[in-house]
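Encoded as structure tokens, the structure appears first; notes follow it.
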Amino acid sequence: MIPRIAVLQDLSCIGRCSLGVAMSVLPAMGLEVAALPTALLSTHTAFEGFTFVDLSGELERIMAHWRALKMKFDAIYIGYLGSIRLIELAERFINLFRAEGAHVILDPAFGDNGALYTGFDGTYVARLRKLCEHADVILPNVTEACFLLDLPWEDSSACAEHVRAEAHRLLGEWLQNVLITSCRFPDDRTGLICAGADEFVYPHDRLALSCPGSGDLFASVFAGLMTLGRSVHEAARIAADFTRDCIEYSMNCGDHRWYGVDFEPMLGALIRRIGEENA
Ligand code: PXL
């Protein structure tokens, strides 16, 4: 049986993020995707003049239909939502559609580099913190982890260490792991810190390019691997290596400030790696 994963996040037509990335990566990894767009944007929000339509009304109708069909999902991956109402609906979605034993993977997706994305405020963060309690693993970058934990952000390894020491405060009955991305390490390295049931760090060299959407690429690959039964540690390692390789590839491909990571030519390598490790 092909595992079925529900993905709730925005569809941004330009900028290689969110649902656009998930719908390319997850089927390539052998998963069936039930895509639920939470909002429709002309581009992601770092572009000037983007359009935004909140689809929460339609989401309610879709959920009512799926409920009538008695749908359950083998995994649920939630990314960028965009409004408090959408956070509430995502919470309801988990309660209605989580199959027994299904992973719920949440990427809070509300900020980076010490700041919130356009359109978000403290109320949004506080509500999202409550949604985190319903996931079994969350994937904040270090900025989002600071906001969730009420810690000051700084682009330093000391800040990442502070977040690591405090991250257990987010854990609970459901939430087993806080996997923090974009952490600084000493000697100009960057990478992952996982706090919770699976404690580990995974540093790698720091690349000169920082692309929007790289967190979404990491999250999609990670969610796919978790759904396929990999451990948090294995899934994190493979997703981090793949994202790093795609960013390195993108460095030779022109202006990437807002257009996301050039991951498409790298999908074959990802599938081969997953296949080799299964062999
Ligand atoms: O990559 C995160 C993301 C997702 N969706 C939208 C965004 C962003 C980051 O800016 O604007 C709409």
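The values are calculated or read from the model by the stated rules, or taken from the named source; none is laboratory data. These numbers come from a predicted model, not from an experiment. We place every Cβ from the backbone using ideal geometry, glycine too, and count neighbours over all the protein chains shown.
Looking at G275, G260, G229, which is the one that is under 15 Å from the mean Cα position of the chain (by Cα), under 25 Å from A34 (Cβ atoms) and either in a helix (DSSP H, G or I) or not hydroxyl-bearing (S, T, Y) (or both)?
G260
Mind checking whether some residue in segment 98-106 is touching an Asp or Glu at 6+ places or on another chain (Cβ under 8 Å), within 16 Å of the ligand (Cβ to nearest atom), modelled with pLDDT of 95 or more and not acidic (D, E)?
yes
Please state which of the following conditions A90 fails to meet, knowing it meets all the rest: (1) away from the ligand (no atom under 16 Å from the Cβ); (2) in contact (Cβ under 8 Å) with a residue 40 or more places away in the chain; (3) outside any strand (DSSP E or B).
Only one criterion is unmet by A90, namely (1).
Looking only at segment 209-226, decide whether some residue is out of contact with any Cys (no Cβ under 8 Å at 6 or more places or on another chain), surrounded by fewer than 17 Cβ atoms within 10 Å (Cβ to Cβ) and either part of a strand (DSSP E or B) or modelled with pLDDT of 95 or more (or both).
No, the conditions are met nowhere in segment 209-226.
Okay, residues lined up against (1) under 21 Å from F120 (Cα atoms); (2) more than 12 Å from the ligand (Cβ to nearest atom); (3) surrounded by fewer than 16 Cβ atoms within 10 Å (Cβ to Cβ); (4) of a type outside the set (A, V, I, L, M):
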site	(1), (2), (3), (4)
I2	no, yes, yes, no
R16	yes, no, no, yes
L26	no, yes, no, no
A39	yes, no, no, no
T45	yes, no, no, yes
E48	yes, yes, yes, yes
L59	yes, yes, no, no
W66	no, yes, no, yes
I76	no, yes, no, no
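For segment 1-38, name all the residues that are touching a residue at least 24 places away in the same chain (Cβ under 8 Å), within 18 Å of R230 (Cβ to Cβ) and not in a strand (DSSP E or B).
The answer is I2, P3, A22, V25, L26, A28, M29, G30, L31.
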